[in-house]
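The block underneath contains the structure these notes are about, expressed in structure tokens.
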Amino acid sequence: MQEFRGLGLGAGSGGAPGGGGNRWRMRELAQNEHFDWAIFRRALRAFVPYWPYTIIVTVVILAASFGGVIPAWLTQRIIDEGIQKHRMSIIVEYTLTLILISIGTGLLGVLQTWLSNLIAQNVMADYRIALFRHLQRQTVGFFASRQAGDLVSRVTNDVTAIQSVVTTTLVGFVSNLLNIAATLFLMFSMDWRLAVLAVIVVPGFVIPTQRVGKSRQKLQGHIQNYLSKMTVQLSESLGVSGALLIRIFNRQGAEEKEFAESNHTLRDLQVKQALIGRWLFMWLNMFSSIGPALLWMYGGWLVLQNEIGLGVIVAFTALLSRLYGPLSQLAQLHVSILSSVALFRRIFSIMDEVPEVQDGKESIPDNSVEGRLRLEKVSFSYRSGSEKPSEPQAIRWALQDIELTIEPGETVALVGPSGAGKTTLLNLIPRFSDPASGHLYVDGMDTRSLTLHALRAQMGLVPQDPFFFHDTVASNLRLAKESATAEEMEAACRAAQIHDTINSLPEGYDTIVGERGYRLSGGERQRLAIARVLLQGPKIVLLDEATSALDTVIERKIQDALAVLLEGRTALVIAHRLSTILKADKIVVMANGRIAAIGTHAELVQRDPLYKELYETQFHIEGEMQQVEEKP
Ligand code: ADP
Ligand code: MG
């Protein structure tokens, strides 16, 4: 016991890894996990749809448990009734039964494995689908504040661990319990005195196993954390952007070191975890030899007194392993139940994230929207994750008291210094977030009352750096309109001045673009994104112009594409180019989250010093370039 405690248990408390001050925020997970009924019950709920399988499995296990103890009983009959009484017919009869029973229990074992895997895989698939669905309902901000790798790890690693919850934990629990019951039943019906002797040794198993449970389970939490951490590092450093960052700052060595460190910690933790189980096993083994010794001693005396036959002792020694095996497994189950609670806690913590933007009820009939936008006293602040409720900070408003009306068909240009709140304002319109106060209206309908689907169907978005999935040009275009024909796509692309470029790609519209596909230039991506919105054909267009300077040919193409895009639509444009500003019906100047001025270019240059400064520093130079180009 001394040795056992010294080597096995010390590790659990002392081995908590601190995490080397890197960019991963380790979650305090399973640090002090205790059995949580609420989580366990909630986890079990996922199994409810599969109750018929569960019942069959239970019946199979029940049959297998009885099939498992019958050989011991047959052995006793063979010795006491057959061998001792010299009756060969009994020996033959019982040995043949023995063979049949072992075939039967073998078949039951196969059935049990099949059914329990069926249940586990079904529940796993359900959880993955539910998690994915839930994540689809989260706002963009949710993903901005989380590591994709960590989420991926929860949907994959954590859910995969459900397999062991079912096959070892649940099935193990039922089958061990039934095995013990069947064994005890047979033991007590053969000889109660020997049965009591066999049971006396039991606490020797249960107590140490329970103690090991806690530290093993704590380790499981750490292991899961490190697995997640590794997934995060892998997905960040193996992605294009991460790979670029690492190379430009010569961080390969440091990344390798970090990866190696977490791998080494993981290795140590897993060895430790395996050893804790092993020390326990050694102790149990030692203890389980005490049982038979006592049995032979006391049983031998009983045989000499002619109280029992020799077969009873032989049967009992066989039954002992069927008692202690399941008992020690049952005691260890405590451990796996606790670690599965930790796992489910991780899964449920994602499930419990309430989407920040709740869906509205009303839908809008197709093509019925005129496109009037109105923002009424809109204020917004980003919630910072590190904010502690105990120390209320002054709220940093990203937007404050925004009042703005855009009439159908109007183009409004948003200008202002970086950080003024332009992107934030744009993102409120399709309800990527909701304002802290104030209201947004489309055609006089409060956007919160509409379904997100209906609302977003009315508006197209061209972000500053458009994203394309790793798929063909055509599939990326069809995101906007699933039923789009080749002709429609071509028309949209012609209007967006991108058709010729696509045609010159190796496989035209079937060329794979996106993350690892054909790289489109910045200007091409914008025009492809414009084509996508044209294909969608919404009444309202939200546009975040790219800041990068373009050469005059591309500039002209983008201007032409934009002219088509903005024609007859309500448009809110974060403008970075003079040409866009000059075409706008009105210009909204933003500063520090507020609207500083509204007017036309001519008016604002005259009376607004901030606009004048912006114009002179940002737009003017570009304007001169254009004039130079236009002269010849
Ligand atoms: P603009 O587009 O005008 O450059 P933004 O709307 O992007 O400005 O940002 C407005 C303010 O909100 C800035 O102070 C910025 O730091 C802050 N901000 C933007 N995005 C976030 C975010 N995801 N979390 C917290 N603060 C943010
Ligand atoms: Mg911006």
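Cβ-Cβ below 9 Å, separation at least six or inter-chain, first residue in region 413-424 and hydroxyl-bearing (Ser, Thr, Tyr), second near ligand 2 (Cβ under 9 Å from one of its atoms) and open to solvent by less than 10 Å² (accessible area, probe 1.4 Å): which pairs? Here the result reads 423/574, each pair linking region 413-424 to a residue that is near ligand 2 (Cβ under 9 Å from one of its atoms) and open to solvent by less than 10 Å² (accessible area, probe 1.4 Å). Taken together, the residues in region 568-588 that are over 15 Å from residue 556 (Cα atoms) and within 15 Å of ligand 2 (Cβ to nearest atom) amount to 5. Among the criteria (1) without any contact (Cβ under 8 Å) to a residue 12 or more places away in the chain; (2) touching a Pro at 6+ places or on another chain (Cβ under 6 Å), the one residue 283 does not fulfil is (1). On the stretch given as region 445-473, residues that are touching a Lys or Arg at 6+ places or on another chain (Cβ under 7 Å) and open to solvent by 50 Å² or more (accessible area, probe 1.4 Å) total 1. Among the residues making up region 255-312, those that are in a helix (DSSP H, G or I) and either small (Gly, Ala, Ser) or in contact with a His (Cβ under 6 Å, 6 or more places away or on another chain) (or both) are 260, 262, 269, 274, 277, 288, 289, 291, 293, 299, 300, 311. Cβ separations smaller than 9 Å between residues 6+ apart or across chains give the following pairs from region 361-372 residues that are outside any loop (DSSP other than H, G, I, E, B) to residues that are open to solvent by less than 90 Å² (accessible area, probe 1.4 Å): 362/445; 362/449; 362/450; 362/451; 362/454. Filtering region 400-419 to residues that are over 14 Å from residue 588 (Cα atoms) and either basic (Lys, Arg) or surrounded by 18 or more Cβ atoms within 10 Å (Cβ to Cβ) (or both) leaves only 400.
Do we have residue 111 as in contact with a helix residue (DSSP H, G or I) (Cβ under 9 Å, 6 or more places away or on another chain) and over 30 Å from residue 77 (Cβ atoms) here? Answer is no for this residue. Among the residues that make up region 523-544, is at least one of them open to solvent by 10 Å² or more (accessible area, probe 1.4 Å) and within 22 Å of residue 415 (Cβ to Cβ)? Taking every residue of region 523-544 in turn, at least one turns out to be open to solvent by 10 Å² or more (accessible area, probe 1.4 Å) and within 22 Å of residue 415 (Cβ to Cβ).
Given the residues 409, 419, 460, which is the only one that is out of contact with any Leu (no Cβ under 8 Å at 6 or more places or on another chain) and more than 16 Å from ligand 2 (Cβ to nearest atom)? When all the criteria are applied, what remains is 409.
Out of all the residues in region 31-42, is one or more at pLDDT below 80 and closer than 21 Å to residue 267 by Cα? Yes - at least one qualifying residue is present in region 31-42. Cβ-Cβ distances below 8 Å connect the following pairs, each with a first residue in region 144-169 that is in contact (Cβ under 8 Å) with a residue 60 or more places away in the chain and within 15 Å of residue 350 (Cα to Cα), a second residue that is among the small types (Gly, Ala, Ser) and within 16 Å of ligand 1 (Cβ to nearest atom), and a separation of six or more residues or different chains: 145/385.
Of the candidates 431, 448, the single residue that is away from ligand 2 (no atom under 16 Å from the Cβ) and not in a helix (DSSP H, G or I) is 431.
Looking only at residues of region 108-136 that are of a type in the set (D, E, K, R) and either more than 23 Å from residue 430 (Cα to Cα) or modelled with pLDDT under 90 (or both), we find that the one that is least open to solvent (accessible area, probe 1.4 Å) is 126. For residue 170, the conditions (1) surrounded by fewer than 18 Cβ atoms within 10 Å (Cβ to Cβ); (2) closer than 19 Å to residue 35 by Cβ all hold with the exception of (1).
Table: residues versus (1) open to solvent by less than 50 Å² (accessible area, probe 1.4 Å); (2) within 29 Å of residue 322 (Cβ to Cβ); (3) in contact with a Lys or Arg (Cβ under 7 Å, 6 or more places away or on another chain).
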{"position": "94", "(1), (2), (3)": "yes, yes, yes"}
{"position": "160", "(1), (2), (3)": "no, no, no"}
{"position": "165", "(1), (2), (3)": "yes, yes, no"}
{"position": "187", "(1), (2), (3)": "yes, yes, no"}
{"position": "190", "(1), (2), (3)": "yes, yes, no"}
{"position": "194", "(1), (2), (3)": "yes, yes, no"}
{"position": "200", "(1), (2), (3)": "no, yes, no"}
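Selection over region 379-399 of residues that are within 12 Å of ligand 1 (Cβ to nearest atom), open to solvent by less than 50 Å² (accessible area, probe 1.4 Å) and either at pLDDT 95 or above or touching a strand residue (DSSP E or B) at 6+ places or on another chain (Cβ under 7 Å) (or both) gives a count of 3. Take the conditions (1) open to solvent by less than 60 Å² (accessible area, probe 1.4 Å); (2) hydroxyl-bearing (Ser, Thr, Tyr); (3) part of a loop (DSSP other than H, G, I, E, B); residue 483 misses just one of them, which is (1). Output the residues belonging to region 242-281 that are polar (S, T, N, Q) and exposed (fewer than 12 other Cβ atoms within 10 Å of the Cβ). Selection gives 250 alone.
The values are calculated or read from the model by the stated rules, or taken from the named source; none is laboratory data. Please read all numbers here as calculations on a predicted model, not as lab measurements. Note: ideal-geometry Cβ built from the backbone for every residue, glycine included; neighbour counts use all protein chains shown. Side chains included, ligands, DNA and RNA excluded: accessible areas come from the protein's heavy atoms. Shrake-Rupley method; radii C 1.70, N 1.55, O 1.52, S 1.80 Å.
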